[in-house]
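Comments concern the structure below.
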Amino acid sequence: MGDFVSTIGIALGTAAVGLLTGRAVRTIADHFASRKGMPYATEITTAAVFGLLGWRIGLAPLLPAYLYMAAAGVALSVIDLRTRRLPDALTLPSYVVLLALVAVGGMVSRDGALTVGLILGALGAFSLYWCFRRMNAALGPGDVKASGLVGGILGTIGVHAWVVGIGAGLILAALYAVALLISRKGSASTLIPYGPFMFAGCLVAVLAM
C-alpha cells in the first residue's frame, strides 16, 4: 500500500511540474509556429506525459532526462503538426542537454553504460532514418535529426526498447500515411508530421519497459 501511495504521489508531482512546464513548452512552440492551437492543450499534454513518466520511472536518476525529452518532444510535435518542420534551433541543442542529463544520471547511478547506450541509440536511429530519407521524399531532414533524440533516450533502456520505440513510431506514421492516401487528402510525396509519431512511439516503449 505504501509503495502504491508513493507511486501515485510521484505521478501527481511530476504531472504538476508538467503543467507548469507546459506553459514554457507552449511559448516555445508559438515562437516557431505562429498559428495557435487549442487553449491549454499543450499544458495538458505535457502534464499527462510527465505524470505517466513519473508513475512508470519513479524518482530514478534518469527521470530528469526523460522529463526533458518529454518537454522537447511535445514542443517539437506541436511545431511539426502546425508547420511540417522540426527546427534545428530546438532539435540540435536538445542533444547537448540530453547528453548532459544522461551523463549526470549515469554518474549518480554509477552506470556508465547509460551514456554509451544514449550515443549508440542515437547513431542507430539517425542512420536508419537517414536511409529512409534517401528512399522517401516525404520524410524531411528535420525528422532525421530528431530521430537521434528518440533513439538516444531509448538506447539508455536497451535494445528491446529501442526496437519497440522506433518500430512503433514508424508503424503509427505509416498508418497515418495510409489514411491520408485512402481519404485522398495526400499522396506518396506529401510531407507528413513524423515527429509526433516518433515521440509517441518512444513514450510507448518507455511505458512498456
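The values are calculated or read from the model by the stated rules, or taken from the named source; none is laboratory data. If you're wondering where the values come from, they're calculated on a predicted model, not measured in any experiment. Here the Cβ is made from the backbone with ideal geometry for all residues, glycine too, and neighbour counts use every protein chain on show.
Residue selection: Thr42 satisfies the criterion of being assigned to a helix (DSSP H, G or I) and surrounded by 14 or more Cβ atoms within 10 Å (Cβ to Cβ). Right, Thr42: hydroxyl-bearing (Ser, Thr, Tyr) and at pLDDT 90 or above or not? So Thr42 passes the test. Only one entry of Leu123, Leu90 meets the criterion of being of a type in the set (A, V, I, L, M, F, W, C) and surrounded by 15 or more Cβ atoms within 10 Å (Cβ to Cβ), and that entry is Leu90. Note on region 16-39: residues that are more than 22 Å from Pro93 (Cα to Cα), surrounded by fewer than 16 Cβ atoms within 10 Å (Cβ to Cβ) and modelled with pLDDT of 90 or more amount to 1.
Can you tell me which residue is farthest from Leu62 (Cα to Cα) among those in region 116-171 that are assigned to a helix (DSSP H, G or I) and among the polar types (S, T, N, Q)? Going through the qualifying residues, I end up with Ser127. Could you say whether any residue in region 119-141 is among the charged types (D, E, K, R) and touching a Lys or Arg at 6+ places or on another chain (Cβ under 9 Å)? So far as region 119-141 goes, no, none of its residues is among the charged types (D, E, K, R) and touching a Lys or Arg at 6+ places or on another chain (Cβ under 9 Å). Scanning region 40-65 for residues that are more than 23 Å from Pro93 (Cα to Cα) and of a type in the set (A, V, I, L, M) gives Ala41, Ile44, Ala48, Leu52, Ile57, Leu59, Ala60.
Please state which one of Ala48, Ala75 is within 17 Å of the chain's Cα centre (by Cα), of a type outside the set (Asp, Glu) and either closer than 18 Å to Val150 by Cβ or part of a loop (DSSP other than H, G, I, E, B) (or both). Walk me through how you get there before you give the answer.
Numbers: Ala48 fails: either closer than 18 Å to Val150 by Cβ or part of a loop (DSSP other than H, G, I, E, B) (or both).
Unique residue meeting the criteria: Ala75.
Checked against (1) more than 21 Å from Gly22 (Cβ to Cβ); (2) in a loop (DSSP other than H, G, I, E, B); (3) touching a helix residue (DSSP H, G or I) at 6+ places or on another chain (Cβ under 6 Å); (4) among the aliphatic types (A, V, I, L, M), Leu86 passes all but a single condition, namely (1).
Could you grab me the full set of residues in region 38-73 that are free of Cβ contacts under 8 Å to residues at least 60 places away in the same chain and in contact with a Leu (Cβ under 8 Å, 6 or more places away or on another chain)? It would help to see each step written out before you state the result.
Of all residues in region 38-73, those free of Cβ contacts under 8 Å to residues at least 60 places away in the same chain come to 38-48, 50-51, 54-55, 58-61, 63-64, 67-68, 71.
Passing the criteria: Glu43, Ile44, Thr46, Ala47, Phe50, Gly51, Gly54, Leu63, Pro64, Leu67, Tyr68.
Before we move on, is Gly142 closer than 21 Å to Gly158 by Cα, at pLDDT 90 or above, crowded, with 17+ Cβ neighbours inside 10 Å and not aliphatic (A, V, I, L, M)? So Gly142 fails the test.
Only a single item in (1) modelled with pLDDT under 95; (2) under 16 Å from Leu203 (Cα atoms) is not met by Ala47, and it is number (1).
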